[in-house]
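One structure is given here, and the rest of the page talks about it.
The values are calculated or read from the model by the stated rules, or taken from the named source; none is laboratory data. Nothing here was measured: the structure is a model prediction, and the numbers come from that model. Counting neighbours? That spans all protein chains shown, and the Cβs are built from the backbone with ideal geometry, glycine included. The accessibility values were calculated without ligands, DNA or RNA, using every heavy atom of the protein model including side chains. Shrake-Rupley method; radii C 1.70, N 1.55, O 1.52, S 1.80 Å.
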Amino acid sequence: MPWLDRFRNRHFLNAGSAIYLFAIRVIVSVLQLRFVERVWGGSYSGLNALSNQVLLYTTLLELGLAQAAITFLYEPIATGNHEKVSATLCALRHDMRRLLVLGACFAFPVLAVYAHAMHSQVPMSTLLPTLWLIAFTGLVQLATLHFQVYLNAAERISRVNFVLGSGYLVKTAVGLPLAIHYHQYLLLPGTIALLTFGEFAALKVAFGRNFPQFSFVDTWREMARSIRSRAKYVVVGRVAGLAYYQSDFIILSLTASLVIVKDYAKYQYVAAALLSVVGMVSVALTASIARLQLRHEAETRRQQYVLAQRAVALIGAVMMLGYWFTAQTVVKLAFGYSSGITRNTIILFGIALFLNIVKTADDVFLAAKGLYEVGFWIPAVEVPTYVMMGYFLSRRMGIPGILVASIVTNLAISVLCKGIVLARPVFDSTPMQWFGARLMSVGRAAVISAPMAVLYIAIPKSLHHGAVLTFVVTNGVAGMYALAMVSLMITHYRSGRRAAV
């Protein structure tokens with residue numbers, strides 16, 4: 001069927017664009033850090049790394065409005081209600097303009113105070129303009145938010161990912177050589193800020209081509225109130241997520257030492273990268289899942305969730321195996337030898353990674369339904385539980401203690417509470433159906449991924465051409481195997497649906 005072929009192409013294009021954006025971000029970050037440190041020294045490379053955090057915190061100024069607006073767009077886009085789509089985008093644009101002004105008035109003075117309080121060998125004439133330029137870049141990116149929101153909700157997030165990924169590449173390819181040639185570091189953040197206007201223009205063109213019906217609508221005020229009401233629940237989850245994934249470094253610095261934090265961070269970065277890939281692909285597919293959920297009755301929606309849960313569990317199981325067998329290789333190649341991490345600790349890292357990957361399926365369906373107000377308190381309970389347990393266990397066990405805390409918290413809060421509170425409204429299941437589906441998904445994933453354990457053991461013994469080749473071959477084969485098994489799951493599901501019809 002032609003419409004199904006178009007859906008598949010768009011589906012895979014969105015997922016592929018998320019991987020492209022992730023890869024470009026990694027490449028750009030590594031290139032900038034290495035060249036900046038080589039040319040200007042460690043203080044400037046530290047400033048370069050800090051710039052990424054400043055950009056992250058600047059973009060948080062949107063206060064959950066974007067994700068809330070996306071959830072209000074799925075249905076009107078699907079039904080062709082252009083007036084409601086325009087009202088939603090007008091409301092988001094109005095609120096973002098106000099936040100941009102307030103954010104600028106707040107961010108620039110705060111960064112000035114922060115720059116003067118910082119212990120740095122970088123001269124203030126470079127330090128402060130760099131921070132301001134990066135903050136300005138973040139504000140320009142926020143100005144494109146209503147373009148990005150529409151393209152995301154309309155299953156055109158590939159346009160956003162390709163623009164942003166290419167933007168990262170071009171800004172580095174232009175700014176870094178200029179800064180090196182003139183030996184003036186400020187040319188790098190200056191070029192980044194200037195070329196961000198190119199991203200704005202490209203996203204505006206993509207938006208105009210995909211939604212030429214956009215117009216100003218007087219009813220935007222009512223929609224703005226609805227978006228703000230839902231956004232407060234989005235913010236709770238986002239802040240809780242940020243605290244959850246950043247607390248481990250703080251806890252270990254209090255209970256162990258900065259040396260332990262350094263060793264832990266090397267392996268945590270590898271796990272975070274794998275989780276980030278899954279998360280970005282999941283976000284890219286959320287609009288497609290939301291569209292499918294709107295088209296079908298409750299039983300079919302539940303089956304769609306079970307299929308997604310099985311696929312994500314399989315991908316998580318294969319990634320866990322890959323982490324167990326190759327994380328040491330990645331850490332040695334990227335960061336050098338790490339003496340504080342034992343084999344048992346790596347196994348715990350992999351289990352924690354698996355559990356965090358598995359729950360991305362839950363997050364996707366929650367975002368697709370937009371029911372953030374249902375069980376919004378779960379992340380608020382999860383974070384303090386994890387922090388308290390992590391503090392006490394890490395004092396006794398060190399790094400393994402904080403990983404055990406992550407695993408136990410995932411099982412007790414993310415699994416138990418979600419299964420009881422969210423099963424019916426979000427996943428169209430009874431609690432028993434939800435728990436049964438979760439157990440079956442994990443069991444299937446363990447059985448299907450088991451052959452990959454043999455692969456990870458056998459290939460290094462047969463290859464004698466170095467760690468890099470072994471890493472590429474084993475993980476390449478494992479990745480293709482996981483994708484093939486997921487494709488078989490989807491084909492089997494579609495065959496069952498046709499037979500039922």
*For region 249-256, does any single residue satisfy the condition of being part of a helix (DSSP H, G or I) and more than 18 Å from Ala405 (Cβ to Cβ)?*
no
*Just give me the residues in region 353-372 being open to solvent by 40 Å² or more (accessible area, probe 1.4 Å) and of a type in the set (Asp, Glu), in sequence order.*
Asp363
*Only one residue in Gly390, Gly401, Gly350, Gly375 is at positive phi and open to solvent by less than 20 Å² (accessible area, probe 1.4 Å), so which one is that?*
Gly375
*Within region 435-456, identify whether any single residue is farther than 20 Å from Val318 by Cα, in a helix (DSSP H, G or I), open to solvent by 20 Å² or more (accessible area, probe 1.4 Å) and touching a residue at least 60 places away in the same chain (Cβ under 8 Å), and answer yes or no.*
no
*Taking Arg395 as meeting all but one of (1) over 21 Å from Gln268 (Cβ atoms); (2) in contact (Cβ under 8 Å) with a residue 40 or more places away in the chain; (3) open to solvent by 60 Å² or more (accessible area, probe 1.4 Å), write down the number of the exception.*
(1)
*asked:* Looking at (1) open to solvent by less than 70 Å² (accessible area, probe 1.4 Å); (2) out of contact with any helix residue (DSSP H, G or I) (no Cβ under 6 Å at 6 or more places or on another chain); (3) at pLDDT below 80; (4) not aliphatic (A, V, I, L, M), which one does Trp3 not meet, given that it meets all the others?
replied: (1)
*In region 142-171, what count of residues is obtained for those that are of a type in the set (Ser, Thr, Tyr) and over 16 Å from Leu195 (Cα atoms)?*
2
*Among residues belonging to region 287-304 that are closer than 16 Å to Leu73 by Cβ and among the aliphatic types (A, V, I, L, M), point out the one that is most open to solvent (accessible area, probe 1.4 Å).*
Leu294
_Residues that are open to solvent by less than 20 Å² (accessible area, probe 1.4 Å), in a helix (DSSP H, G or I) and touching a Phe, Trp or Tyr at 6+ places or on another chain (Cβ under 9 Å): does region 273-286 have at least one?_
yes
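What are the residues in region 59-74 that are among the aliphatic types (A, V, I, L, M) and open to solvent by 20 Å² or more (accessible area, probe 1.4 Å), if any?
Passing the criteria: Leu60, Leu61, Leu63.
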*Could you list, in sequence order, all residues of region 125-137 that are open to solvent by less than 70 Å² (accessible area, probe 1.4 Å) and not polar (S, T, N, Q)?*
Leu127, Leu128, Pro129, Leu131, Leu133, Ile134, Ala135
*Mind listing whichever residues of region 210-234 are within 23 Å of the chain's Cα centre (by Cα) and surrounded by 19 or more Cβ atoms within 10 Å (Cβ to Cβ)?*
Ile227, Arg230, Ala231, Tyr233, Val234
_Regarding region 152-171, can at least one residue be identified that is surrounded by fewer than 23 Cβ atoms within 10 Å (Cβ to Cβ) and farther than 30 Å from Leu73 by Cβ?_
no
